[in-house]
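As structure tokens, the structure follows; a few thoughts come after it.
The values are calculated or read from the model by the stated rules, or taken from the named source; none is laboratory data. The shown structure was predicted, so the numbers you read here are calculated from the model rather than taken from an experiment. With ideal geometry, Cβ positions are generated from the backbone for all residues, glycine too; neighbour counts draw on all protein chains shown.
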Amino acid sequence: MMEFFASLDYTPFILSFKLAGLTTLILFLISLPLAWFLSQTRSKAKPFLEAITALPIVLPPSVLGFYILVSLSQNSPLGAFFENVFGVSLVFNFTSLVIASCFYSLPFMVQPLQGGFESINKNMIEASYIAGKSQVQTVLQVVLPNMKPAVLTAIIITFAHTVGEFGVVLMVGGSIESETKVASVAIYEMVEMMDYKGAHIYSALMVLMSFIILLAVYTFNSSKRIGGFAK
Amino acid sequence: MIYVDIKKQLHGTKGLMDLDVNFEIEDGQFLALSGLSGSGKTTLLRILAGLEDSVSTIKVGEEIWQDKNTMLRVQERGIGFVFQDYALFENMSVEKNLLYVNKDKKLAQKLLELTDLTELKKRKPSTLSGGQKQRVSLCRAMMNRPKLLLMDEPLSALDPAMRRKLQNEILALHKEFGTTTIMVSHDPAEIYKLAERVVVLENGKVISDATPQDTIVKHTGSQKFSFEGEVIDIVKVDVIWVAIIAIGQQLVEVVLSAGERKELSIGKKVKVGTKAFLPIIG
């Protein structure tokens, strides 16, 4: 039994977790200011921004993947710029997967954070301003520590959602061994090659890990429930 | 001297309303702000704090907080603000709530001693009672050593005994720090006890600006004494009609004449008094 598990190729899983970890970190840093702005603004642009942010939830991953592919390829201004200046290609490699995942998982980070920000007592935020503190100080020292469940939800759901992505990854990254072949793509390939045993093992591992992650979030949040899920 | 001239259009409960208020406050004065809900009291406080936009001139001593060209941000005004719902930083202990405003440990210690909170300084706000929370909030507001202390119905969520205790503490801190204080309050006893001056707002305008004696202890009519109350119920007892009237926390029964019975309805605000009252001295 142990030998069997030792003989498995875990590269696709490691790749999936590396991708999810990086995406989560980048998205957390991008989404903090965005979610904060959305929670505080009374601007008329708010519904537009919210709709754009939520688009990846409703769009088929192939559509998202197609547009990302088109806008990052060497034929696009952005892709050409990176190719000429830095000598890197933005498609069919790990970097392109990270970029695509950031778009794909954006709402799963922004929405729980925005919900968390909106659940914070406005007077508490204002009390911090009155105490002479800036918005950044207020968010870091008062707001975020009071919405830990929402922060945890955002991080875990984004991570899990990125591990679970398939369509976008396949469109933008293809299936290059040790570079873009993540667990979900590996399973797809195994099924195509009728390696059902391998597909079973990989799939069961995915189910188990996803369940453990979700169980951890719900257990932590059931005691002090703030914020919410987007799905 | 604080000079205030505030204009702002508000979306009130009865449609658009112009807040248009102009007054001066002497340094160290304790001013109560009263009036029905929706009359603009809270907005007035928020404008003074810099939390709300308006077309205003606000001068504190020689310093201009707001005029046509200037708009000092809320962070720069150095005010103290006490919210009705306390608004404490839930993630910080009592002591940290104070030190977040200002690192002055001595001042924090002194304030905690003044308000009997020293023993609770390591506790988180969620473990405190309402009265304790509001005392922390009061201490936190004083950590700025504010020139101007603003309080929005600070005691209205507390029971009468806790109110009286906190009234004393508010008064003590007001005097100790020589702060100019503006407090929104509906409680006549509280206003009488704390304030030197009462400004009453109605629909965004000042309708009365006087001492508590003149504002609250009204001498209208020729009654020897009179109380304001609200009709809670009108019941028939045998052959007479009796109105149940709430006066403050008390309910009283008043026998009605046939004429009065017709005029009264449940929910009506009334004055209960007596004219033919002969005090017996003995």
Of all residues in region A:95-130 being surrounded by fewer than 24 Cβ atoms within 10 Å (Cβ to Cβ) and of a type in the set (Val, Ile, Thr), the one that is farthest from residue A:172 (Cα to Cα)
A:125
If I ask for residues that are surrounded by 16 or more Cβ atoms within 10 Å (Cβ to Cβ) and either more than 32 Å from the chain's Cα centre (by Cα) or aromatic (Phe, Trp, Tyr) (or both), which ones from region B:235-251 would you list?
B:241, B:242
Enumeration of residues in region A:119-164 that are within 12 Å of chain B (Cβ to nearest Cβ), among the small types (Gly, Ala, Ser) and not in a helix (DSSP H, G or I):
A:131, A:132, A:134
Selection within region B:56-77 - out of contact with any Pro (no Cβ under 9 Å at 6 or more places or on another chain), surrounded by 16 or more Cβ atoms within 10 Å (Cβ to Cβ) and in a helix (DSSP H, G or I):
B:74, B:75
Look at residue A:125 and say whether it is farther than 27 Å from residue A:142 by Cβ and either touching a helix residue (DSSP H, G or I) at 6+ places or on another chain (Cβ under 6 Å) or among the aliphatic types (A, V, I, L, M) (or both).
no
Residue check for residue A:210: among the small types (Gly, Ala, Ser), at pLDDT below 90 and not in a helix (DSSP H, G or I)
no
Has region B:131-143 got at least one residue that is over 17 Å from residue B:89 (Cβ atoms), more than 14 Å from chain A (Cβ to nearest Cβ) and either at pLDDT below 95 or surrounded by fewer than 22 Cβ atoms within 10 Å (Cβ to Cβ) (or both)?
yes
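Conditions tested, residue by residue: (1) more than 21 Å from residue A:107 (Cα to Cα); (2) surrounded by fewer than 15 Cβ atoms within 10 Å (Cβ to Cβ); (3) in contact with a Pro (Cβ under 9 Å, 6 or more places away or on another chain).
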| site | (1), (2), (3) |
| --- | --- |
| A:187 | yes, no, yes |
| A:194 | yes, yes, no |
| A:198 | yes, no, no |
| A:219 | yes, yes, no |
Search result, residues across region B:54-110 that are away from chain A (no Cβ under 14 Å) and more than 28 Å from residue B:9 (Cα to Cα):
B:94, B:95, B:105, B:106, B:109, B:110
Is it fair to say residue B:51 is in the same structural domain as residue B:157 (by TED's automatic domain parsing) and under 15 Å from the mean Cα position of the chain (by Cα)?
no
